[in-house]
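A short write-up of the structure that comes next.
The values are calculated or read from the model by the stated rules, or taken from the named source; none is laboratory data. Because the structure is predicted, anything quoted here is derived from the model rather than measured. Protein only, heavy atoms only, side chains kept; ligands, DNA and RNA dropped before computing areas. Shrake-Rupley method; radii C 1.70, N 1.55, O 1.52, S 1.80 Å.
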Amino acid sequence: MPGRRKDQRSAQPDVSAWRPRVPGVVEVFHAHYTEYAYPMHVHDAWTLLIVDDGAVRYDLDRHEHGTPHDTVSLLPPHVPHNGSPATPDGFRKRVLYLDVSRLGDELIGPAVDAPDLRDPVLRRRVGQLHAALALPGDELEAESRLTLIGERLRAHLRPAQTTDPARRDPVLARRLRELLDERVVAGIGLEEAATLVPAHPAHLVRAFSGAYGIAPHQYLMSRRVDRARRLLLAGRSPADVAGATGFYDQAHLTRHFKRLVGVTPGRYRTSGARGTPGG
């Protein structure tokens, strides 16, 4: 019957999964389930979960939990859990599976005791990280956001050991800026930068942002867009300019260029050919 076939199609899960080029992220998994229920199972990675629509009911270490819209759930590795829809329309979720090196084994116990974290700032940051992971080319942004998320997760799970906010470190910030200036086109990952400077990745991001009022990934993209502007006004095509200035592809260039300049690279190039101001 047509109506029955429609119901069967609507019950089919809608999923997407990929492994980004970001150290520490084993997998990104987005899914919309209406009827499917997970049986008891384990992962060998940390599961960082946010629910955008609906809610999930799950058991972890024989205790029942739920995921309201404003929470972030952190499920530790090797601890059995299940999952099923808690609302009639199912749930839509976004999940990051994080390598065990990102969070220490000493956090497994606290995560079992309190896996659902009500923290609007953390929730927003996890959503921003998913946005950065959705398109290639923004790996430095994703690494930076992941580092600060890990720091906030540890503060939740080990509040007694939370340290004071990172002090200002202008020397460290200047060294990272010089490194970014040297790698405008080639780019650099946060872990490599932290090794070369050297400093803890979270402290490196905070020191730079505190000194210059802009995150390292924003600084790098600004430098690339500046170079792109000059090349576009010299008559080079957006596709050529994208490769010459370190962007992943033309779409990556267009996204950041329009965000910073207000127009697309093609329109900017055309305005230069007409001899009108380009912004």
Q) For residue 259, what accessible area in Å² do you get when you roll a 1.4 Å probe over the heavy atoms of the protein chains, rounding to the nearest 10? A) 150
Q) What percent of all Cα-Cα pairs in segment 10-56 falls in each 5 Å bin, counting up from 0? A) 5, 15, 21, 30, 18, 8, 3, 0
Q) Carbon and sulfur together cover what percent of the accessible area of the chain at a 1.4 Å probe radius? A) 51
Q) Using a 1.4 Å probe, how large is the accessible area of residue 34, given in Å² and rounded to the nearest 10? A) 40
(Q) Could you give each residue of segment 200-214 its phi-based ³J(HN,Hα) in whole Hz, using Karplus coefficients 6.51, -1.76, 1.60 with θ = phi - 60°, and x for Gly or Pro? (A) 5, x, 5, 5, 4, 5, 5, 5, 5, 5, x, 7, 10, x, 8
Q. What does the accessible area per residue of the chain come to in Å², with a 1.4 Å probe and no ligands, DNA or RNA counted?
A. 52
Q | Per-residue HN-Hα couplings for segment 253-269 [Karplus 6.51, -1.76, 1.60; θ = phi - 60°; Hz; x = Gly/Pro] | A | 4, 4, 4, 6, 5, 5, 5, 8, 9, x, 9, 6, x, x, 5, 4, 4
Q. Where a ≥ b ≥ c are the square roots of the eigenvalues of the C-alpha gyration tensor, would you call the chain rounded, which needs a/c under 1.5, or, failing that, prolate if a/b is larger than b/c, or oblate?
A. oblate
Q: Compute the relative contact order of the chain as a whole-number percentage, counting only Cα pairs closer than 8 Å that sit 6 or more residues apart in sequence.
A: 13
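For segment 14-82, what is the relative contact order in percent, using Cα pairs closer than 8 Å and at least 6 residues apart in sequence?
Reported as a whole number, the value is 31 percent.
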**Q.** 5 angstrom amide H check on residue 86, placed H, neighbours 5+ away
**A.** 55, 56, 57
Q: Compute the long axis of helix 216-233 from its Cα atoms, compare it with the longest principal axis of the Cα atoms of the chain, and write down the angle in degrees, 0 to 90, nearest 10.
A: 40
Q) Going by the alpha-carbon gyration tensor, a ≥ b ≥ c the square roots of its eigenvalues, is segment 97-180 rounded (a/c under 1.5) or, if a/c is not under 1.5, prolate (a/b greater than b/c) versus oblate? A) oblate
(Q) Taking the Kirkwood radius as the inverse of the mean 1/r across Cα pairs, report the Rg/Rh of segment 171-233. (A) 1.00
Q. From the square roots a ≥ b ≥ c of the eigenvalues of the alpha-carbon gyration tensor of segment 1-153, which class results: rounded (a/c under 1.5), prolate (a/b over b/c), or oblate?
A. oblate
